[in-house]
Structure formats: structure tokens, C-alpha cells
Amino acid sequence: MIYLRKANERGHANHGWLDSWHTFSFANYYDRDFMGFSALRVINEDRVIPGEGFGTHPHKDMEILTYVLEGNIEHKDSMGNKENVPAGEFQIMSAGTGITHSEYNPNNDKGLHFYQIWIMPNTVGITPRYDQRRFDTTVSKQLILSPDARDGSLKVFQDMTLWRWNLKKGEKAQYQAETGRHVWLQVVKGKIAINDIIATTSDGIAIANEDMIHFVGDEDSEILLFDLPPVTA
């Protein structure tokens, strides 16, 4: 099963200071067919105008991943962290027993563009934690998240991995998923082909019951590949 989630079919909310696209049901956007995918609960693509942002708000028992594409985020939280997350960096938080945090665009003349991704943890009630990292953009395939933080990746409390893949135009690649696993591809930029399906910037692709996934860059592209646990009843 390969399903294309077109970017323009996502939920959309424009609040003036925030322009947000929701891959799955979120806030006032509800679609019972798009409540999440395996352990993925939220994939929001957000743009924030200069000088604005999200005020202090709470989270609990969720793995929250932020990937900044343009601009930078000023982050503050109840753990005492006050950090800057520039374009190209990934930030991970375990909300665990509960945190509050704020996220702002500190620039007066530059917009902020980022993905925020929520992953349901397989362990609840953990002590909240924070980490961020920049990965080498010259490497074509990189491990970003893993349960054991192997090979320099960020730790996530879930049976999943996240890979960032940079494909040159015409470059072919393949990924083998274990039986029963689910895979989500998010096209950060560019254009890729999977079998006879073409996906472009901001499209998502849900994949299940496909042991070997073949894809090719129709142009220089960046994708996020989530290898996710089987769905249980």
C-alpha cells in the first residue's frame, strides 16, 4: 500500500502571524481518515512572521520534534532551557510528566519556516528532557532519530527511526522495511518518484506492506523517512 497525501489536501489554518498546514487532524482541523499514522500523531508545517510566535503552553507524554528550514526559533521551557534553534537543526523534547514551553521567531525582518512533528511515546511518565543537533548536510543519508541514539542520532522514546535523505537529480535509492513495519515519507523539498507515484515539496507518502521501497530523485530533493512500528488494535 502506497498512499500519496498531497500538500494542498492537508488541513490549513492562517492566523495572520501563523500559516500552518496539518497533515493529520489538529486543533480545529478534523478528518477521521487522518488522525495519525502508526506512532506519528502530528506533522505540521508552520510559517511564522517576524517577531511573533507561540506563547507558553503545556505538553505531556509526547515526543516533540522540530526541524527548522528557514530562520531560527527562540525556545524557552520549564526545564530551564533557553536555546536558539537555527535553520538546519533538529530539536527533540520528551514532554513526559509535563512541560511548558514557548517558541518565537526572534527576527524582525525574516520569516520562520519549520516542521513540528509529534510522536507518541512507548513509555509514558518519563522525566522531561531536551536535546538539539545539527547533522552534516553533505551526507546523503543520515540517521536523525533512534531509540538507542546510535551513530550520533537523537534519542526518541519509541520503536522507530527517522532518516534524512538528500537525493541528487536522477539518483536512485531503496529502503528495506522489516515485515509489518510502516513507513512515512515527507518531501521537504524537490520531487521524487516511488513506483508510478510522483511526490513534490510538502507531500507525504504513507507506505505499508511494502518490504522494499524504491525511489528516485526527479530533481535535487530532501526527504524525511520515518520507519514506524506496526499498528496494533
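The values are calculated or read from the model by the stated rules, or taken from the named source; none is laboratory data. All figures in this text were calculated on a predicted structure; none of them were measured in a lab. Using ideal geometry, Cβ is built from the backbone for each residue, glycine included, and neighbour counts are taken over all protein chains shown. To get the accessible areas, we keep the full protein, side chains included, count just its heavy atoms, and leave off ligands, DNA and RNA. Shrake-Rupley method; radii C 1.70, N 1.55, O 1.52, S 1.80 Å.
Just one of the listed residues (Asp220, Asp211) is open to solvent by 10 Å² or more (accessible area, probe 1.4 Å), more than 22 Å from Val68 (Cα to Cα) and touching a residue at least 12 places away in the same chain (Cβ under 8 Å), and it is Asp211. Only a single criterion out of (1) out of contact with any Leu (no Cβ under 7 Å at 6 or more places or on another chain); (2) crowded, with 18+ Cβ neighbours inside 10 Å is not satisfied by Lys110, namely (2).
In the set (1) over 25 Å from Asn209 (Cα atoms); (2) open to solvent by less than 50 Å² (accessible area, probe 1.4 Å); (3) at pLDDT 95 or above, Leu143 fails one condition alone, (1).
Scanning segment 35-78 for residues that are open to solvent by 30 Å² or more (accessible area, probe 1.4 Å), over 16 Å from Ile119 (Cα atoms), of a type outside the set (D, E, K, R) and outside any strand (DSSP E or B) yields Ile49, Pro50, Gly51, Ser78.
Thr200 fulfils the conditions (1) out of contact with any Asp or Glu (no Cβ under 8 Å at 6 or more places or on another chain); (2) on the phi > 0 side of the Ramachandran plot except for a single criterion, (2). Before we move on, is Trp17 at pLDDT 95 or above, out of contact with any strand residue (DSSP E or B) (no Cβ under 6 Å at 6 or more places or on another chain), over 18 Å from Phe157 (Cβ atoms) and of a type outside the set (A, V, I, L, M)? Yes: the conditions hold for Trp17.
Return the residue satisfying two criteria in turn: it lies in segment 11-39 and is in contact (Cβ under 8 Å) with a residue 60 or more places away in the chain and in contact with a His (Cβ under 9 Å, 6 or more places away or on another chain), and of such residues it is nearest to Leu65 (Cα to Cα). Walk me through how you get there before you give the answer.
Of the residues in segment 11-39, the ones in contact (Cβ under 8 Å) with a residue 60 or more places away in the chain are 21, 23, 36-39.
Remaining after also requiring in contact with a His (Cβ under 9 Å, 6 or more places away or on another chain): 21, 37-39.
Details: Trp21: 16, Phe37: 16, Ser38: 16, Ala39: 13 Å.
The selected residue is Ala39.
Yes/no matrix, rows are residues, columns are (1) of a type in the set (D, E, K, R); (2) in a strand (DSSP E or B):
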position	(1), (2)
Thr138	no, no
Trp163	no, yes
Asn166	no, yes
Lys169	yes, no
Val188	no, yes
Ala199	no, yes
Ile213	no, yes
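Taken together, the residues in segment 2-33 that are under 18 Å from Val187 (Cα atoms), out of contact with any Leu (no Cβ under 9 Å at 6 or more places or on another chain) and of a type outside the set (Lys, Arg) amount to 11.
Say we look at segment 165-183 and pick out the residues that are open to solvent by 10 Å² or more (accessible area, probe 1.4 Å) and hydrophobic (A, V, I, L, M, F, W, C); which of these is nearest to the chain's Cα centre (by Cα)?
Only one residue fits best here, namely Trp165.
Somewhere in segment 188-206, is a residue out of contact with any Lys or Arg (no Cβ under 9 Å at 6 or more places or on another chain), aliphatic (A, V, I, L, M), crowded, with 17+ Cβ neighbours inside 10 Å and in contact (Cβ under 8 Å) with a residue 12 or more places away in the chain? Yes, segment 188-206 contains at least one residue that is out of contact with any Lys or Arg (no Cβ under 9 Å at 6 or more places or on another chain), aliphatic (A, V, I, L, M), crowded, with 17+ Cβ neighbours inside 10 Å and in contact (Cβ under 8 Å) with a residue 12 or more places away in the chain.
Out of all the residues in segment 94-113, is one or more aliphatic (A, V, I, L, M), free of Cβ contacts under 8 Å to residues at least 60 places away in the same chain and assigned to a loop (DSSP other than H, G, I, E, B)?
Within segment 94-113, the subset aliphatic (A, V, I, L, M) is 95, 99, 112.
Remaining after also requiring free of Cβ contacts under 8 Å to residues at least 60 places away in the same chain: 95, 99.
Of the ones still in play, those that are also assigned to a loop (DSSP other than H, G, I, E, B) are 95.
Yes, the conditions are met somewhere in segment 94-113.
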